[in-house]
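A.B. asks: Here it is: the structure, laid out below.
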Amino acid sequence: MDAVNDIPRSRIIILLVAFILFSMAVGYRVFSFQIVHGLDLTEQAQQFRFREDVVPAERGDILDRRGRKLATNVPADRISVIVHQLDDPDDTARELAQIINRDEDEILEAISHPDREWVVLQRRLSPEASQQVESLDMEGIVLDPEPRRTYPMGNFASQVLGFVNFDYEGSYGVEGAYHSLIAGEPGHLIGERDGAGNVIALGHSTWDPAQDGADLVLSIDSSVQRIVEEVLRETIEDMDASGGTIIVQNPQTGAILGMASHPGYDPNEFNQVQDAQLFGNPAISNVYEPGSTMKALVMAIGLETGAVAADTVHPGGPYRELPGGERVYNATLMDFGPESMTEVLVHSSNVGAMYVAEQLGEDDLYRGLTAFGFGDQTGIDLSGEESGLFPLPGDPNWYLTNLYTNSFGQGMAVTPLQLINAISAVGNGGQLLTPYLVEEIRHPDGQVEQTEPEVIRDVISPETAQAVNQMMTTTVDSAQRVYGVPGYQIAAKTGTAQIPGVDGGYEPGATIGSIVGFGPSDDPQFSVLVKIDRPQESQWGERAAGPAFQEIFEELFLLYGIPPSDPDQVR
Amino acid sequence: MSSMSANRGSTSIFKTVSSTARGALRQPDYWLLTIILIMVMFGTIMVFSSSFAIGVREEGGDGYYFLTRHVVYLMIGLAGMLIAMSIDYHFWRKVALPGLLIVMLVLLGMVVFPSIAPEVWGASRWVQIGPVSLQPSEFAKLGLILYLASWLASKGMRVREFNYGLIPFAVLMGLLVGLIMLQPDLGTSMLLAAIGLSMFLVAGANLFHLGLVTSIGGAVFLALALTTAYRRDRILVFLNPDGDLRNLGWQLAQAKLAIGSGGLFGVGLGASYQKFAWLPAAHHDAIFAVIAEELGLIGAGFVLMLFIMFAWRGYRVAMRAPDSYGALVAVGIVTWMIVQAAINIGGITTTIPFTGIPIPFISYGGTSLIVSLVAIGILLNISRQTVDPVEVKVRSNLRGVSTRARQRQAAQPAPPPPAPRQPRAPRTPAPSKPGARPVPEWPERPRVPSPVAIGPDDRDPVPTPRERQPAPKREIQGRPTTTGGTFGRGRASVSPRGRRR
């Protein structure tokens, strides 16, 4: 039935040759991929495959001295999109826009970027949003938990704690100062992944586990801190003040029990803070003229050097004329007449303080004040500490008048911490200690590092300290109603300072009212500094800061169960 | 075709193999068989290697899921191959037309009643019959080859005529390819077109016609490709492979990385990384990339070499097939396999635009593997009936003369008849011992002297089909006789030399 007997079979050769030529083209292609570009492509494939995942270390908790958590971590989901796995980017964008509250077009643009393989859409999802995303059950959408720092007490000790930013780096406060310690060492999972992102069980993965961060136990007592913050808030409200700082320190160890400045912020919502200056800690970074609170320290130096004795009486007078002719009066232009050294503190006499400074002379006064730590950082375990403004003889901005004005706390500026630390040295019998916030470092391996009190130097003898303590106690006794605690003996010195203005003079009518002291007098357990900025109700330290000081001591004695020295007086 | 088994003692098609008096059925082409067996063994190993992770991931942790299924398909396919190898290929001539019509009806049914062909991966290519899902396009390939070979062989030189050859050919191809395009299956459509055109070429098509139908077909393909979004994407991805990492661009980019990671010797058998969900369809469309990654340039070259050797041995069978039908069937089957391999390998290496069709014998099986192996069985059966290449050469030389010249030749006075045949050389295999069969009485008819000097001793006692005439019934002839066409009747017959083997 075939029409002809045969066909031009030689044409088969054409087919064979064509196939061989094609095979050669493919072979060349494979050769080009494997040999010419082999290394490149291998590397690219590994980049796809070997994803180095940083395994975040658990950031250490921050506890107060009673073990309450001031900062800890909770898991929060992060939502990412594997671009090539998406079925329908438009649909995905529409669904996600509702859940994460972002613009649909914005999401669509992010997830349809052709060059990107992986897009992180939103971090720190709320648990509800996580659940909604999960219930979408869409291909290519990945939820993975990442830790989120949380501060259970909210706006509490915020300047002490600092915060953790979106990159999980500690900023400011203890979070910033101890970041490397509490952050730990992130681990690395260099995993061979399959296309769905899972580690290939039999693949070459290296696992370098994370070193978790250490927990910090602060010297802060959150009960004290709560008192301090409440009192500060009330006082500022009552006094219609612009701000303020309160510090509570243990004078025997240098430990900071409470430290607050107003205004604070909520470290959970650090991104809502408009003014970055709020992140700073005024207790260690704001300098101010200490005013009369300095008199106690000048007196201590006078007694220590023997320039004056406790029973020395100076002639007194309404004013003193400084070299250069300027007259310095007592506050409210009072003339106290001849005063004993105790009366100098009780009266807060400028003329008396200047007498002491004159008796001391430049060398001893400045040697003494420097020994108390002025002009230098206290060395507290926080960053951002100021060293104050403290011109010494020989400095270009030191004038002979400084010798006199420094004696009542003008012409120099200190940080609140410097001042309370110096007063604590009086309270503890003469030793200047390094203040600290971290009491204990609990390493993840169980090792515990305890902070030992560190003596910087002996500034004054215990006898001198006792004498000044006595004088300051008398000062409080004479103003018992204002800032004393009935039934208890405490030592304190108030101060009212003017605020240097921008034009070189002082801000008219604006003062900083402050008080610093320790108690109980016979065995000082607490040093307290209260500093109220620009109080409108009363410009005097005694009135502006005194009641707060009083209230804090009352609470502290109650809290720590300190027995009164005269139980009958306790109200 | 009607005379095929009319003169046999038995009507059983199997018997024709074992008990034909012809006894000319020899051993199959062992080269070809070996190449195929190497391919399927290698393929099984690579299917296992590339599918293990997929099985674990997608089939409930069963890493052997695809391997076990592949082996089952392979066993069925090998059985089919052995059976087909034992069936005289002329049998298929009878079933080709009804078979092809059934396939085309099923394909048409799939288009008209989409419910019988569920959509998978955006195309409806499978028909579910009970527990078995079949891919009718696989049968379409075989049906096309078997029918087209029959049709082209019966046309003889008239395939050169526009109305007689080109038009029916174009209509048939257009119908079949069009049905496949409707599924849609661009890769298989291209493959079918390539098979048809190759067979048309070898059948003696007018090269101008061939060029015409190729360019019209190509233009239609291109038009379809450019008007359908996803096909246009494929072409764009091909032109700019690094541009889009989604979907297909992703697969090709990952395939490129897989191939590139292989280097000269590969990362080691079973050690592919890209198969871990990076490379979609790693055991199917993309298995070549896994081979290239695990076994390197050596492995990839090995696969290419296997197909080149297959093409060589397969086309060699076509060259030596005892008749035009056999030659065309062989050409069709070999072209099918190598073009399918070329489309896949070329696609995955981005040498040509990618279309998702598997590599024969190596990719994960299914209908494709079974039908391919049955086709190889048919090819092996043809190889068992091959004749001496010189004989083919003699015919080809004759073919080299133009039609007109041949017509002139036919009009010339008849040359003297050839010398009586001698028993064949003793080197012939056992069934065809010298003198085992009677020498036929040759009718008086014009003969053309052989252009090759052949001694009388060298003659083959078994006449080739073209020498057979319808008139004398000869018991010894188990093969179909040529009835003689317009050109062939009363025309040349060449006595070949004895076979060399």
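A.B. asks: Does A:Asp53 fit the bill of being in contact with a Gly (Cβ under 7 Å, 6 or more places away or on another chain) and assigned to a strand (DSSP E or B)? Steps first, please.
C.D. replies: Numbers: in contact with a Gly (Cβ under 7 Å, 6 or more places away or on another chain): yes; assigned to a strand (DSSP E or B): yes.
Yes.
A.B. asks: In this structure, is A:Ser407 assigned by TED's automatic domain parsing to the domain that holds A:Glu326, touching a residue at least 40 places away in the same chain (Cβ under 8 Å) and under 19 Å from A:Lys493 (Cβ atoms)? Steps first, please.
C.D. replies: Working: assigned by TED's automatic domain parsing to the domain that holds A:Glu326: yes; touching a residue at least 40 places away in the same chain (Cβ under 8 Å): yes; under 19 Å from A:Lys493 (Cβ atoms): yes.
Spelling it out, A:Ser407 is indeed assigned by TED's automatic domain parsing to the domain that holds A:Glu326, touching a residue at least 40 places away in the same chain (Cβ under 8 Å) and under 19 Å from A:Lys493 (Cβ atoms).
A.B. asks: Looking only at helices (runs of 4 or more DSSP H) that lie completely in the stretch A:444-545, which have at least 1 residues being surrounded by fewer than 16 Cβ atoms within 10 Å (Cβ to Cβ)? Full working, then the answer.
C.D. replies: On the way: elements: A:462-478, A:480-483, A:541-544.
Output list reads A:462-478, A:480-483.
A.B. asks: Also: Within the stretch B:269-321, can you find the residues that are within 7 Å of another protein chain (Cβ to nearest Cβ) and either touching a residue at least 60 places away in the same chain (Cβ under 8 Å) or over 24 Å from B:Thr355 (Cα atoms) (or both)?
C.D. replies: Of everything in the stretch B:269-321, those that are within 7 Å of another protein chain (Cβ to nearest Cβ) and either touching a residue at least 60 places away in the same chain (Cβ under 8 Å) or over 24 Å from B:Thr355 (Cα atoms) (or both) turn out to be B:Phe276, B:Ala277, B:Trp312, B:Tyr315, B:Ala318, B:Met319.
A.B. asks: Identify the residue in the stretch A:84-104 that is under 40 Å from the mean Cα position of the chain (by Cα) and surrounded by fewer than 14 Cβ atoms within 10 Å (Cβ to Cβ) and, among all such residues, is nearest to A:Pro147 (Cα to Cα).
C.D. replies: Going through the stretch A:84-104, the residues under 40 Å from the mean Cα position of the chain (by Cα) turn out to be A:96-104.
Of the ones still in play, those that are also surrounded by fewer than 14 Cβ atoms within 10 Å (Cβ to Cβ) are A:98, A:101, A:103.
Values: A:Gln98: 24, A:Asn101: 21, A:Asp103: 26 Å.
The selected residue is A:Asn101.
A.B. asks: Next question, about the same structure. Check off (1) under 19 Å from A:Gly291 (Cβ atoms); (2) crowded, with 22+ Cβ neighbours inside 10 Å; (3) out of contact with any helix residue (DSSP H, G or I) (no Cβ under 8 Å at 6 or more places or on another chain) for A:Tyr436 and give me the number that stays unchecked.
C.D. replies: (1)
A.B. asks: If you go through the stretch B:351-377 one residue at a time, how many are in a loop (DSSP other than H, G, I, E, B) and β-branched (Val, Ile, Thr)? Can you show your working first?
C.D. replies: Of the residues in the stretch B:351-377, the ones in a loop (DSSP other than H, G, I, E, B) are B:351-366.
Right, trim to β-branched (Val, Ile, Thr) and you get B:351-352, B:355, B:357, B:359, B:362.
Residues meeting the conditions: 6.
A.B. asks: Still on this structure: Which condition breaks for A:Leu322 when tested against (1) surrounded by fewer than 14 Cβ atoms within 10 Å (Cβ to Cβ); (2) of a type outside the set (Asp, Glu); (3) more than 28 Å from the chain's Cα centre (by Cα)?
C.D. replies: (1)
A.B. asks: How about the stretch B:182-192: which of its residues are away from chain A (no Cβ under 14 Å) and within 21 Å of the chain's Cα centre (by Cα)?
C.D. replies: Kept after step one, since they are away from chain A (no Cβ under 14 Å), are these residues of the stretch B:182-192: B:182-189, B:192.
Within the stretch B:182-192, B:Asp185, B:Leu186, B:Gly187, B:Thr188, B:Ser189, B:Leu192 qualify.
A.B. asks: Regarding A:Gly375, is this residue without any contact (Cβ under 8 Å) to a residue 40 or more places away in the chain and buried (at least 16 other Cβ atoms within 10 Å of the Cβ)? It would help to see each step written out before you state the result.
C.D. replies: Working: without any contact (Cβ under 8 Å) to a residue 40 or more places away in the chain: yes; buried (at least 16 other Cβ atoms within 10 Å of the Cβ): yes.
So A:Gly375 passes the test.
A.B. asks: For the stretch B:201-271, list the helices (runs of 4 or more DSSP H) that sit wholly inside it and hold at least 1 residues that are out of contact with any Ser or Thr (no Cβ under 9 Å at 6 or more places or on another chain), at pLDDT 70 or above and over 25 Å from A:Leu39 (Cα atoms); which are they? Reasoning before the result, please.
C.D. replies: Working: elements: B:207-227, B:229-239, B:247-262.
Filter on the stretch B:201-271 gives B:207-227, B:229-239.
A.B. asks: Being touching a helix residue (DSSP H, G or I) at 6+ places or on another chain (Cβ under 9 Å) and crowded, with 24+ Cβ neighbours inside 10 Å narrows it down to one of A:Asn421, A:Asn406, so name that one.
C.D. replies: Numbers: A:Asn421 fails: touching a helix residue (DSSP H, G or I) at 6+ places or on another chain (Cβ under 9 Å).
After applying the criteria, what remains is A:Asn406.
A.B. asks: I need the full set of residues from the stretch B:198-218 which are over 17 Å from B:Leu146 (Cβ atoms), surrounded by 14 or more Cβ atoms within 10 Å (Cβ to Cβ), of a type in the set (A, V, I, L, M, F, W, C) and within 13 Å of chain A (Cβ to nearest Cβ), in order please. If you could, list the steps in order and put the result at the bottom.
C.D. replies: Initially, the stretch B:198-218 is screened for residues over 17 Å from B:Leu146 (Cβ atoms), giving B:201, B:204-218.
Going one step further and asking which of them are surrounded by 14 or more Cβ atoms within 10 Å (Cβ to Cβ), we end up with B:201, B:204-206, B:209-210, B:212-214, B:217.
Remaining after also requiring of a type in the set (A, V, I, L, M, F, W, C): B:201, B:205, B:210, B:212-213.
Of everything in the stretch B:198-218, those that are over 17 Å from B:Leu146 (Cβ atoms), surrounded by 14 or more Cβ atoms within 10 Å (Cβ to Cβ), of a type in the set (A, V, I, L, M, F, W, C) and within 13 Å of chain A (Cβ to nearest Cβ) turn out to be B:Leu201, B:Ala205, B:Leu210.
A.B. asks: Is there a residue in the stretch B:159-170 that is part of a helix (DSSP H, G or I), on the phi > 0 side of the Ramachandran plot and within 14 Å of chain A (Cβ to nearest Cβ)?
C.D. replies: Start the filter on the stretch B:159-170 by keeping residues that are part of a helix (DSSP H, G or I), which leaves B:159-160, B:162-170.
Then keep just the ones that are on the phi > 0 side of the Ramachandran plot; that gives none.
Taking every residue of the stretch B:159-170 in turn, none turns out to be part of a helix (DSSP H, G or I), on the phi > 0 side of the Ramachandran plot and within 14 Å of chain A (Cβ to nearest Cβ).
A.B. asks: A further question on this structure: How many residues does the stretch A:403-420 contain that are within 12 Å of A:Asp376 (Cα to Cα) and in a helix (DSSP H, G or I)? Spell out how you get there, then give the answer.
C.D. replies: Residues of the stretch A:403-420 that are within 12 Å of A:Asp376 (Cα to Cα), as a first pass: A:413-415, A:417-419.
So of that shortlist, the ones also in a helix (DSSP H, G or I) come out as A:417-419.
The qualifying residues number 3.
The values are calculated or read from the model by the stated rules, or taken from the named source; none is laboratory data. In this text, all values refer to a predicted model and were calculated from it rather than measured experimentally. When we count neighbours, we look across all protein chains shown, and the Cβ atoms used for this are built from the backbone with ideal geometry, even at glycine.
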